[in-house]
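Below: the structure, in structure tokens.
The values are calculated or read from the model by the stated rules, or taken from the named source; none is laboratory data. Source: prediction; values computed, not measured. Note that we place each Cβ from the backbone using ideal geometry, even for glycine, and neighbour counts take in every protein chain shown. These accessible areas exclude ligands, DNA and RNA; they are computed on the full protein's heavy atoms, side chains included. Shrake-Rupley method; radii C 1.70, N 1.55, O 1.52, S 1.80 Å.
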Amino acid sequence: MTTALPDLWTDWCSVTGVPAGIIDEATVSRFVQQVQPSRAVLSTLRRRLAPKDPPAPAWPRGHTEDTGSLQRLIRHGTAVIRHPGTHWVFRLRMRRMLFTAVLLAPRSHGGLGLDRAGALGLRPFRMRELRQWIGIAEDPSACPACATWSWLEVIGTNNGWSHSSVRALGHRRDEVGSAHRHLRPDPNPDWHLSIGMLPAVDRWGWIDAYRSMHPSSLSAVISAAALLLDGPEPAPAPVPAAAAMPASPRPQMSREEEEQILKRADELTARVEAILREFDTGR
């Protein structure tokens, strides 16, 4: 997938006489010094600097060529995170699953294209280097950079604060219509002290600060992600009556049809929760 060049870049190239299609590190650095572009613009340019996409062997095979699959998965996962009926430990595991998806998805999808060993062996210093390549979506609820920010906040809080602080994060839902989280100041810097980026989360919500999850647990997380990606969109969180008016006409369906759709969505979410619960190691 070829990403269109930002207008700010092409305008600058036109003024300075730099060929817009020739992007190298020296020219980008000059552009940054003179224009001070947004992170989204800089991310688009740096993706052009990135080497050829790695094979992303751990990404679900049926979605390797589906460049919208990572954003769709994050959108589905965000719907689960936002739902008030989601248990706080499951919400933490969902945030970890979405971050895992960012690590494993092809770069053309907005991910990093790591294999399983690379994801489990990822350390904070390497995460700092790779973070610039993570994609940015227009919709915050589907944004790989925002999903990354949210998980870094969790593991940073786990390293620097008490378990009750982690529990409070687990209870916190993403608000509908909220701005991009990745545009906020970096989350708790104590994530830099993590041993690994994919720790185990036990049934009580304790996060293992000293080791990564077991490879079998990673396989379960990947299976859960594939299930969520292939299934129906999870049931949306209920909204107040004043906010429930649709912005545009929607297709009408019977009450029975709507109940069937919601039932399938709830069943899917329950299956994902069961997979993540079964394979996480105890504390």
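Yes/no matrix, rows are residues, columns are (1) out of contact with any Lys or Arg (no Cβ under 9 Å at 6 or more places or on another chain); (2) more than 17 Å from residue 99 (Cα to Cα):
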site	(1), (2)
161	yes, yes
165	yes, yes
175	no, yes
179	yes, yes
185	yes, yes
195	no, no
Among the candidates 170, 205, single out the residue that is assigned to a loop (DSSP other than H, G, I, E, B) and not polar (S, T, N, Q). 205
Over 19 Å from residue 175 (Cβ atoms) and of a type in the set (A, V, I, L, M, F, W, C): is that true of residue 80 in this structure? no
Kindly state which helices (runs of 4 or more DSSP H) lie completely within region 1-113 and contain at least 3 residues that are in contact (Cβ under 8 Å) with a residue 12 or more places away in the chain and under 27 Å from residue 154 (Cα atoms). 39-49, 69-82, 88-104
Which residues, taken from region 184-196, are closer than 24 Å to residue 146 by Cβ and out of contact with any helix residue (DSSP H, G or I) (no Cβ under 6 Å at 6 or more places or on another chain)? 184, 185, 186, 189, 196
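Each row is one residue, and each column tells you yes or no for (1) loosely packed, with under 13 Cβ neighbours inside 10 Å; (2) among the charged types (D, E, K, R); (3) within 24 Å of residue 78 (Cβ to Cβ); (4) modelled with pLDDT of 90 or more.
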site: 157; (1), (2), (3), (4): no, no, yes, yes
site: 166; (1), (2), (3), (4): no, no, yes, yes
site: 170; (1), (2), (3), (4): no, no, yes, yes
site: 174; (1), (2), (3), (4): no, yes, yes, no
site: 185; (1), (2), (3), (4): yes, no, yes, no
site: 188; (1), (2), (3), (4): no, no, yes, no
site: 195; (1), (2), (3), (4): no, no, no, no
site: 207; (1), (2), (3), (4): no, no, yes, yes
Only one of 61, 72, 82 is over 27 Å from residue 205 (Cα atoms) and open to solvent by 30 Å² or more (accessible area, probe 1.4 Å), namely 61
If you go through region 131-152, how many residues are of a type in the set (A, V, I, L, M, F, W, C), open to solvent by less than 10 Å² (accessible area, probe 1.4 Å) and outside any loop (DSSP other than H, G, I, E, B)? 6
Residue under question is residue 122, and the condition is that it be touching a strand residue (DSSP E or B) at 6+ places or on another chain (Cβ under 9 Å) and either open to solvent by less than 10 Å² (accessible area, probe 1.4 Å) or at pLDDT below 95 (or both); does it hold? yes
Given (1) in contact (Cβ under 8 Å) with a residue 60 or more places away in the chain; (2) out of contact with any Gly (no Cβ under 8 Å at 6 or more places or on another chain); (3) of a type in the set (Gly, Ala, Ser), residue 160 misses just (1)
Taking region 25-41 on its own, how many of its residues are on the phi < 0 side of the Ramachandran plot and open to solvent by 40 Å² or more (accessible area, probe 1.4 Å)? 11
Do any residues in region 217-244 that are at negative phi and open to solvent by 60 Å² or more (accessible area, probe 1.4 Å) have Cβ atoms under 8 Å from those of residues that are assigned to a helix (DSSP H, G or I) and at pLDDT below 65, where the two are at least six apart or on different chains, and which pairs are they? 233/265
